[in-house]
1. What is the order of A:332, A:74, B:396, fewest Cβ neighbours within 10 Å to most?
2. For q values of 0.15, 0.21, 0.22 Å⁻¹, compute log₁₀ I(q)/I(0) with the Debye formula on a Cα-only model of region B:72-166, without solvent.
3. Could you size up the charge dipole of chain B around its Cα centre, putting +1 on the beta carbon of Lys and Arg and -1 on that of Asp and Glu, and report it in debye to the nearest 20?
4. For chain A, max minus min Cα coordinate along each principal axis, in Å, sorted largest first?
5. With each run of n ≥ 4 DSSP H residues scored as -39500 (n - 2.57), what mean residue ellipticity at 222 nm is computed for chain B after dividing by its residue count and rounding to the nearest 500 deg cm²/dmol?
6. Going by amide H atoms built from the backbone, whose H comes under 5 Å of the H on residue A:411, apart from near neighbours?
7. For region A:6-211, compute Rg over Rh where Rg is the Cα radius of gyration and Rh is the Kirkwood radius from the inverse mean 1/r over Cα pairs.
8. Give me the log10 of I(q) over I(0) for region B:321-379 at q = 0.21, 0.25, 0.26, 0.29 Å⁻¹, as the Debye formula computes it from C-alpha points; what are the numbers?
Amino acid sequence: MAILSKDEAQTILKKVLSFSTADECEATLNGEIGGNVRSARNTISTAGAVDNVSLAVESRFGKRSGVATCNQFDDATLRRCVQRAEEIAKLAPESPEYVPLLGPQQYLTAPASFAQSTANITPDYRAQQTAASMQLCDTKKLDSAGFLEDSAGFIAKRNNKGLEAYQQVTGLSYSVTVRTKEGTGSGYATADFNDISKFDAKILTQIAADKATGSVGAKAMEPGKYTVILEPAALVANTDASLLGALMNAFDARNADEGRSFLSKKGGGNRKGEKMFDERVTIYSDPTHAEIPDLTFSPDGRPQKKVTWIEKGVVKNLYSTRFWAQKGNIPDIPRPGGWIMEGGTQTTADLIKGTQKGILVTRLWYIRPVDPQTLLFTGLTRDGTFYIENGKIKHPVKNFRFNESPVIMLNNLEAIGKPVRLAGNLVPPLKIRDFTFTSLSDAV
Amino acid sequence: MKRREFVGLTSLAAGALFLPSIPGFGGSLVDPERLLEQVDPAVKKRMADAALNAAKSAGATYADVRIGRYLNQSVFTREKQVQNIASGESYGAGVRVIANGTWGFAATNSVTEAGLAKAAQLAVQIAKANSKVQKEQVQLAPQKGYGEVSWKTPIQQNAFEVPIAQKVELLLAANAKALDNGASFVNSSLFQINEQKYFASTDGSYIDQDIHRIWPTFTVSVVDRATGKFRSRDALSSPMGLGYEYLTPKAVDQVAGPAGTGLIGYRNSYDILADATLAAKQAKEKITAKSVVPGKYDLVLDPNHLGLTIHESIGHATELDRVLGYEANYAGTSFATLDKWKTKNFQYGSKLVNIVADKTQPGSLGAVGYDDEGVKTGQWDLIKNGVLVDYQKIRDQAGIVGQDHSDGCCYAQSWQDVQFQRMANVSLQPGTAKMSVDDMIKNVDKGVYIAGRGSYSIDQQRYNFQFGGTVFYAIEKGKIAGMIEDVAYQANTQEFWNSCAAICDRSDYRMFGSFFDGKGQPSQVSAVSHGSATTRFNGVNVINTARKIG
């Protein structure tokens with residue numbers, strides 16, 4: 001029963017609300033079917049499957065709130081779940097940050113967020129894609145380690161103030177690391193989709209394999225400030241922190257207003273309206289974007305709309321909770337899902353051609369905050385780092401540790417390439433001057 | 001926004017922190033009293049047998065089942081208010097099988113004999129499907145069955161029995177101490193976990209365990225509006241394998257920090273009020289502290305800081321699955337390769353460095369009676385007198401390195417995740433000669449003293465790392481010479497551990513803990529402790545992390 005239709009879901013939610021005795025009640029149903037396959041050393045190591053639907057009920061008495069969940073849907077269980085939420089609410093302290101539940105909302109539509117092809121994935125499909133990757137590496141006498149994960153699901157919301165929401169989503173993500181048998185070269189490729197018709201594990205494995213063989217014999221270069229070309233996987237990541245992800249995560253209005261953000265203004269307030277980045281930097285979110293269709297409502301029911309966060313280098317909007325927006329009388333904008341950084345038409349190869357001296361970075365990894373005041377982060381290059389000279393890749397180089405702020409990085413912009421989808425975002429490769437590498441790593 | 005992130009953000013009251021998005025803190029949210037209920041082992045045995053029999057009938061040559069009730073409770077506050085209180089429960093079973101020499105796994109929240117039998121059959125079906133593209137047959141180290149046995153974390157007070165109001169009162173009192181002493185903001189929280197897990201296998205083991213963990217923590221921030229500068233100081237508590245008794249401070253558990261710092265180190269109990277008071281004062285001091293001059297320094301590292309360095313540069317590097325390449329696509333591999341280990345003289349660190357892996361240490365996060373594949377736990381040497389002597393391994397890895405036994409460090413974060421090799425407590429043994437932290441500092445001419453965890457990053461083979469900390473003090477001519485800021489040190493793992501020049505004695509030994517250590521795809525968390533005494537490292541590269549943005 002994992003993917004309920006809108007009617008099926010709303011029927012359950014209406015029943016849940018009918019059991020409520022609270023001042024306010026909101027119920028959220030979500031379901032998922034999916035699976036994953038993990039491989040290493042050119043063989044499958046683990047595989048799993050998910051099939052689950054669960055209900056969350058939030059009940060409120062005045063400013064007291066309680067939440068309970070369940071994953072059985074008979075009347076008795078639903079009634080117990082509502083009662084439990086109400087019991088917890090009665091025990092809870094009053095919230096000084098209470099805001100009433102939202103009433104009816106108008107949401108955009110993003111039908112491309114769901115693809116039947118992805119919902120139809122079978123264990124055989126996962127095994128075939130994984131086998132194709134492993135076979136390619138067997139043939140080339142390389143080692144692959146990969147992870148394929150897919151899901152199809154839905155989210156439905158309803159409350160006693162008239163709010164009603166429903167959307168289906170599908171997704172598949174794949175990543176593969178290919179290493180030479182001697183461990184002297186390593187390459188990486190990753191991609192994610194709503195619709196699997198564009199997915200081919202073998203093509204991605206070929207990219208990673210080329211990086212692996214190309215990175216054998218890496219030479220050491222002195223750490224220091226370099227012009228770099230950061231491929232999209234060096235800017236955002238599916239499972240780890242990333243430089244652009246960290247930048248977007250820092251657009252919280254409250255932190256900025258409270259004085260503990262790079263967006264805080266000396267003397268109080270925030271830096272909305274200030275030009276903080278190169279004028280070619282524009283970042284926005286749009287849940288209806290054809291290439292990264294996303295949820296059109298936020299977890300608290302607010303509509304997700306097109307929002308410009310940075311326009312021509314100027315901070316245009318910050319996101320906030322409903323409480324903070326009302327308290328400060330500021331725009332009530334939820335945190336976005338995926339986002340889009342505008343770019344040009346050049347591919348990574350084009351950017352390389354236009355570079356006299358520089359470093360091509362496939363991937364940055366183990367990125368952690370060093371100083372929230374300046375948004376300084378540290379991390380390392382990984383899985384394919386190359387020296388560029390006169391528009392060509394000259395030779396692989398040993399990995400570097402960097403200490404850099406995305407704020408400084410986006411002021412040192414040399415060129416922007418064509419955006420590609422990664423981790424649910426659209427991200428261009430970037431050419432950056434004076435990127436700060438602080439030490440060398442022996443890691444391959 | 002990914003659907004799962006959305007789900008995590010939905011399941012809580014408005015204005016709350018997003019608890020279910022924290023690994024290990026998902027599950028259904030239930031009323032607190034329900035967390036005290038236990039499931040009868042006899043019932044679990046009957047269901048486990050149904051799964052094992054179904055697996056064997058379907059063609060499994062080995063099967064194990066974990067019936068787990070994973071409970072958690074957390075309290076979040078900021079300044080004078082409660083942000084969120086949540087009690088969660090996740091109950092279900094995972095069945096793991098070997099069929100055609102291949103692993104298969106399936107999980108179900110239908111904890112009935114029929115539900116478990118169905119999961120077992122699905123696990124066998126998955127194993128057989130995957131065996132078609134499998135190249136290496138799974139070989140398990142032999143393991144005798146223990147029959148019906150049990151184990152319980154030796155706690156004095158079950159944190160789940162303590163009224164929530166009492167926990168809220170304590171956190172708000174800590175917040176008040178911080179605010180009274182100059183904090184602009186303070187966030188405090190208390191995490192509690194109880195794993196009630198039942199393991200059974202075709203080897204003949206029926207193991208019932210009741211495991212408890214707790215972590216009180218806070219972050220105090222001071223904002224100087226005039227300069228626009230802000231600084232934070234985190235709690236110096238450790239997550240522990242203890243009950244609520246951890247929050248009743250005892251003088252015997254306190255170790256004075258270096259003279260001139262006011263710091264206190266905590267063993268098996270923690271004084272959150274005293275630490276919050278000190279934290280506010282130190283956060284204020286950080287605003288005006290001098291910026292470090294980069295260069296080579298002798299580092300004197302407090303156990304509450306050094307634990308994370310041990311974790312990243314030794315704990316993860318000696319995990320055999322990383323060494324063999326099973327984590328290559330995510331967390332990476334390891335520089336501590338088999339060829340280095342086989343030489344029996346790979347000098348990982350100086351002769352002072354003795355590193356022990358341990359799954360039994362009382363009060364530690366990793367302490368259990370048996371691991372999640374039914375192996376009785378113990379302790380073993382990883383590094384002896386500076387030389388790499390062993391790895392951390394589980395049943396299907398032992399044979400690969402020519403050994404006939406698992407180390408008992410297999411773990412799954414819940415019933416619905418497959419168990420795999422996870423880090424044991426990995427600890428640096430204290431020095432044998434009497435030495436306090438002040439004794440150590442008096443011999444340091446130019447150094448930096450660091451306490452608490454900060455920024456941390458290490459490469460995918462565990463060579464190059466960079467660590468920050470919570471508080472930093474300059475050491476000049478044998479004495480603490482004031483707080484400094486903007487400190488991070490960068491080193492190569494082997495060079496760093498070979499620069500280990502002195503270790504304080506056992507009286508200074510304490511445990512650091514990592515409550516949410518991530519690994520695997522899909523990612524799972526585990527909790528692990530790292531003990532050490534204050535330790536000196538000579539000539540380490542310190543960088544200045546201050547920057548200016550426009």
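1. On the way: A:332 15, A:74 9, B:396 21.
By the 10 Å Cβ count, ascending: A:74, A:332, B:396.
2. -0.85, -1.09, -1.13
3. Values: 58 positive and 54 negative charges, 210 e Å.
Result for chain B is approximately 1000 debye, rounded to the nearest 20.
4. 71, 60, 35
5. On the way: 11 runs with 111 residues, N = 550.
Computed mean residue ellipticity for chain B: -6000 deg cm²/dmol.
6. Hits under the 5 Å cutoff: A:278.
7. Details: Rg = 22.7 Å, Rh = 19.7 Å.
In region A:6-211, Rg relative to Rh is 1.15.
8. The calculated log intensity ratios at q = 0.21, 0.25, 0.26, 0.29 Å⁻¹ are -1.04, -1.00, -0.99, -1.00.
Read the figures in this text as sums done on the coordinates, not as results from a lab. On a predicted model such as this, the values are computed, not experimentally measured, just so you know. Neighbour counts are summed over all protein chains in view; Cβ atoms, including those assigned to glycine, are modelled from backbone coordinates with ideal geometry.
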